[in-house]
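Note sheet for the following structure.
Rule-based calculations on the coordinates, nothing more; no lab input. Values in this document were obtained by computation on a predicted structure and should not be read as measured data. Here the Cβ positions follow ideal geometry from the backbone for every residue, glycine too, while neighbour counts run over all protein chains shown.
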Amino acid sequence: MSGEALNLIVGDEELLVERAVGEIVAEARAADPELEVIDLVPGGLEPGRLAELTSPSLFGGGKVLVLRAAQDLGKDLTAEVLAYAKRPAEDVVLVVVHHGGAKGKALVDGLTKLKARKIARPKLTKMGDRVAFVREEIRRSGGKVSQDAARSLIDAVGNDLRELAAACSQLVADTGGRVDDAAVARYYRGRAEVSGFTVADKAIEGQLADALEQLRWALATGVAPVLIVSALAQGVRGLAKVGGAPRGARGAALAKELGMPPWKIERVQRQLRGWSGNGVARALSVVAEADAQVKGGAADPAYALEKAVGAIVAARAMR
């Protein structure tokens, strides 16, 4: 039977773990389309069951045994799995799925020593990794996307990879493959958790009509004015921080100096190209005034925010 006899998938990124399992099953089925796939969990794996499942069958045929949540195996079952792994059956592919971490680490160490194929699928905690995931998803679906548009999609949809994968597939189908910021905004604008930052980005980039449209949409969908003004303030302060950074600082040193991730610094650097020092100073004054108004000084917070957005766009043109 084709495929590795022993496979160890370590990680808790559910979608990627499922795909890794699926790839191993597909690899085995390429050689034996009739093979049986059996899912096992520690709660249903009594002593001796593994030996029974891996013993030669009178009817022949291969098997893929997928042992889920293997970190929850007890000491005795762990020993049973490792004993089997020393002499794996020829017509059986074993896939052990472990969430990672210290619990059940003896099983991971044991299978690693026995030369099991190890596949790491940890959570994608870094923005750069999630951006790479989105770009690869869209490429796999036959489309293309820029880094900025990929970040915008993550901002809009969130960090759940299943939701991101579904959004990528849908965007490629609806756009013919060309996924840009406009497409992301068209299909996913109005997500409450990100619309404040969308308003800020549009204002900082000088796109007055888009910024006002996003602002009205955010307010209409229930985003609190205080969150929007906070996003505006963060965006303008980012301009000030990056614009005032030492000229020679780059990469990791600059990220450490500013306390910002490299991808965010790159984005702010692009936004800064249309700004002067006087303009940034004026925008800082605008957001400070808007913050005070929204937090109690203005009778109409929505009007105060519209005024602030207009003033930020105007400040960008200052020289």
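So here's what we get for this one:
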item	result
Percentage relative contact order, the range 54-108, counting C-alpha pairs under 8 Å, at least six apart	53
Candidates per trypsin sites (Lys or Arg not before Pro) in the range 256-290, loop by DSSP, up to 10 other Cβ within 10 Å	ARG273
Contour minus Cα-Cα distance for GLU257 and ALA102 (0.36 nm per residue)	52.4 nm
5 angstrom amide H check on GLY158, placed H, neighbours 5+ away	none
Net charge dipole size for the range 192-319 [Lys, Arg +1 and Asp, Glu -1 on Cβ; Debye, nearest 20]	620
Tensor-based shape of the range 6-120 (alpha-carbon gyration tensor, a/c under 1.5 rounded, otherwise prolate or oblate)	oblate
Phi-based couplings in Hz for the range 220-232 (Karplus 6.51, -1.76, 1.60; Gly and Pro marked x)	5, 8, x, 6, 5, x, 5, 6, 5, 5, 5, 5, 4
Inter-site label distance for ALA314 and LYS241 at 7 Å from Cα along Cβ, in nm	2.8
Acute angle (nearest 10 degrees) that the helix 75-86 long axis makes with the longest principal axis of the chain, alpha-carbon atoms	70
Loop trypsin sites (Lys or Arg not before Pro), the range 73-120 (other Cβ atoms within 10 Å of the site Cβ: 15 or fewer; DSSP)	LYS103, LYS115
The chain: angle of helix 192-204 to the longest principal axis, Cα-based, in degrees nearest 10	50
Theoretical FRET efficiency, 1/(1+(r/R0)^6), r = Cβ-Cβ of TYR303 and GLU90, R0 51 Å, to 0.05	0.10
For the chain: relative contact order, % (alpha-carbon pairs under 8 angstrom, 6 or more apart)	15
Label-zone membership for the range 202-243, site GLN269, 7 angstrom Cα→C-beta point, backbone N under 18 Å	238-243
Modelled FRET efficiency - R0 35 Å, LYS115 with VAL41, Cβ distances, 0.05 increments	0.90
Positive dipole terminus of the range 4-134, leading residue within LEU73, GLY101, GLY62 (C-beta point charges)	GLY101
Mean residue ellipticity (222 nm) of the chain, computed from DSSP H runs ≥ 4 via -39,500 (n - 2.57), nearest 500	-18500 deg cm²/dmol
From phi via Karplus (6.51, -1.76, 1.60), per-residue ³J(HN,Hα) for the range 299-315 in Hz, x at Gly/Pro	6, 10, x, 4, 5, 4, 5, 4, 5, 5, 4, x, 5, 5, 4, 5, 5
With Cα atoms, 0 to 90° folded angle of helix 277-292 axis to the chain main axis	80
Placed amide H near LEU6: partners under 5 Å, 5+ positions off or other chain	LEU94, ARG117
